[in-house]
Amino acid sequence: MNTYASSDSVMFTSHRPAKTFVRGEGSWLYGSDGRGYLDFVQGWAVNSLGHSSTVVRDALQAQAGRVINVGPGYYNEPMMTLAKSLACLSGLDRVFFANSGAEANEGAIKLARKWGSSRRDGAYEVVVFEDAFHGRTLAMMSASGKPQWRKLYEPKVTRFVRVPREDLAAVRRAIGPNTAAVMLEPIQGEAGVIPFSTSFLRGVRELADEHGVLLIFDEIQTGVGRTGRMFCFEHAGIRPDVMTIGKGVGGGVPLTALLAREEVCLFEAGDQGGTFNGNPLMTAVGDAVVREVSRPEFLAQVESSGTYFAAQLAALSGEFGIVDVRGKGLLLAIELNQPVASSIVDAALELGLLINAPRPAVLRFMPALNVTCGEIDRMVEILKQSMQSLLL
Ligand code: PLP
């Protein structure tokens, strides 16, 4: 490691272990000490094809040799190609590319307010859910229901109306003349991988139709193959009017997107945009990743690896005080009967495994979508050892 690589000048935003990672390959990340770590975090579910996959590297290299950024005022080929394929895959009509999940979600709220102002008598409110997580811009922190943020960065952006999860009657009561949209994550990832039921999602779709409001799905974490389908909404057999995707669509590079039905695409020139949005370098990578992930055989493999992984986790239940195994595809979590998840994360790190604890009693797993059963077995083995020291 070079001698200038010290953390002194890095602004504090989170507690990071005193380790520096220098190289990654597939499901493995290597520290500056040369040690290999089995990575079931994968950059927070972004490296959908694992670390430094050839798909991502080849696309980056080829596009870097052509053109990197033509600016947001012009079309470029990868942007148009990727927009077309995401529109075809999702059944939505148009795509706006962004650089972070929060930014894509901001775009969704702007679109909903624009739509509400011209199509629903000036409606501007958005119904959101307890424990939701939509990102870290001021508006998205206001939309999120993370308990620790309740008093942070006051005053909040207003007009988000919060309701309890799975409570259809509360959603119905919250929808009024000022409501433009209902927004949710089909599986609340940061809350601890908590899925909405199919019946609830169908019920919300019906309510949105009945009242003429938009349904927005934040699929930043669940989209692009993570749950074994291209988009999580497919499991429920419904389609949102607006959807955001992020994380996995770039296979590790910063790329996210806002998708919407034609009637909702109401931005006028200058309403939305940004210097880097839709740049050809990132969208070329996105195109390569989406081509790979959307193959039916690839998605079938995600589903079967997820089923295998969930079964291995369920097999641990009797031994370690695991009270729930949940999630879909390769977005899985276990809930423990004690708030010791972060100690297990620390123990696992020492044993060479990267996992994450979104809540005090919840461990979350988001491996590469092409993780092998052998890597899952190895992971479960290290997880067992990590839990043994703390829970037995
Ligand atoms: N929405 C969901 C469901 C997420 O899981 C996240 C990130 O974890 C975000 C939005 C925010 O994305 P980003 O961190 O790229 O802004």
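The values are calculated or read from the model by the stated rules, or taken from the named source; none is laboratory data. Nothing here was measured: the structure is a model prediction, and the numbers come from that model. Please note: Cβ atoms are built from the backbone with ideal geometry, for glycine as well, and neighbour counts cover all protein chains shown.
Tabulated data
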read-out	value
Candidates Asp324, Asp287, filtered to the one that is part of a strand (DSSP E or B) and modelled with pLDDT of 95 or more	Asp324
When residues of the range 172-202 are limited to those that are more than 19 Å from Ile220 (Cα to Cα) and touching a Lys or Arg at 6+ places or on another chain (Cβ under 9 Å), the one nearest to the ligand (Cβ to nearest atom)	Phe200
Segments classed as strands (runs of 3 or more DSSP E), wholly inside the range 10-103, with at least 2 members that are hydrophobic (A, V, I, L, M, F, W, C)	21-25, 28-31, 94-98
Meets criteria (touching a His at 6+ places or on another chain (Cβ under 9 Å) and among the charged types (D, E, K, R)) for Arg172	yes
Out of Ala64, Ala83, sole residue that is within 15 Å of Ala288 (Cα to Cα) and exposed (fewer than 15 other Cβ atoms within 10 Å of the Cβ)	Ala64
Search result, residues across the range 185-239 that are at positive phi and among the hydrophobic types (A, V, I, L, M, F, W, C)	Val193, Val224
Filter result for Glu303 (closer than 26 Å to Gly248 by Cα and in a helix (DSSP H, G or I))	yes
Which listed residue, of Ala333, Ala310, is surrounded by 22 or more Cβ atoms within 10 Å (Cβ to Cβ) and in contact with a Leu (Cβ under 7 Å, 6 or more places away or on another chain)	Ala333
The range 234-262: number of residues that are among the hydrophobic types (A, V, I, L, M, F, W, C) and over 25 Å from Pro78 (Cβ atoms)	2
Members of the range 187-223 that are in contact with a strand residue (DSSP E or B) (Cβ under 6 Å, 6 or more places away or on another chain), part of a loop (DSSP other than H, G, I, E, B) and within 23 Å of Asn370 (Cβ to Cβ)	Val193, Ile220, Thr222, Gly223
Pairs, first under 15 Å from Met243 (Cβ atoms) in the range 165-190, second near the ligand (Cβ under 10 Å from one of its atoms) and of a type in the set (Ser, Thr, Tyr), C-beta under 6 Å, six or more apart	Pro186/Thr222; Ile187/Thr222
Criterion violated by Ala169 - all others in (1) part of a strand (DSSP E or B); (2) surrounded by fewer than 17 Cβ atoms within 10 Å (Cβ to Cβ) satisfied	(1)
Restricting the range 127-164 to residues that are of a type in the set (Asp, Glu) and over 22 Å from Lys247 (Cβ atoms), the residue that is surrounded by the most Cβ atoms within 10 Å (Cβ to Cβ)	Glu130
Cross-chain or 6+ apart pairs with Cβ under 8 Å, the range 210-228 first and free of Cβ contacts under 8 Å to residues at least 40 places away in the same chain, then within 15 Å of the ligand (Cβ to nearest atom) and acidic (Asp, Glu)	Phe217/Glu185; Glu219/Glu185
Pairs where the first residue, in the range 16-28, is free of Cβ contacts under 8 Å to residues at least 24 places away in the same chain and under 17 Å from Val345 (Cα atoms) and the second is outside any strand (DSSP E or B) and of a type in the set (A, V, I, L, M), C-beta under 7 Å, 6+ apart	Thr20/Met1; Thr20/Ala5
Residue satisfying condition, being touching a Phe, Trp or Tyr at 6+ places or on another chain (Cβ under 9 Å) and away from the ligand (no atom under 12 Å from the Cβ), within set Lys110, Lys151	Lys110
